[in-house]
Amino acid sequence: MVQAHRFASNEYRLFPVRFQDKMCKFLKANVGGVQKLLTCGNFSACPVVSNTNMTFCNYIPDGSMLPPLMQSGDYRVDFHGLYSNNELFVVEVYGKVTRPEVK
């Protein structure tokens, strides 16, 4: 499951971006440009091998794959790894969205 939060009033608040599906489907559909994860690190796509450490590095999301009206600001995206409704892990990713000013 993926849940986004936006920084406002000195805390990260829920942002209306949330979806859930299998990780391999995310990669195949290239949701948010996640296939770029395969360009750096030791993660080689699906099937995922158990009991191994996976590394990802230098990931920059594809801006054309973000929601078009997403506001500039600081965001946190939580990735929840679930198996049969049991939470296996949570990864918190922090980032900033900047848009050019329109005059």
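Please treat every number below as a calculation from the coordinates, not as lab data. Note that the coordinates shown come from a computational prediction; the quantities given were computed from them, not determined experimentally. Counting neighbours? That spans all protein chains shown, and the Cβs are built from the backbone with ideal geometry, glycine included.
Before moving on, here are some points about what is shown:
- About the centre of its Cα atoms, the range 2-97 shows a dipole size close to 200 debye [charges on the beta carbon of Lys, Arg (+1) and Asp, Glu (-1) only; nearest 20 debye].
- Residue order, fewest to most surrounding Cβ atoms within 10 angstrom, among Thr39, Thr52: Thr52, Thr39
- Estimated FRET transfer efficiency when R0 is 22 angstrom, pair Thr52-Val17 (beta carbons, to 0.05): 0.15
- Of every Cα-Cα pair in the chain, the percent that sits beyond 18 Å: 54
- Contact order for the chain, expressed relative to its length and based on alpha carbon pairs under 8 Å spaced 6+ residues apart, stands at 27 percent.
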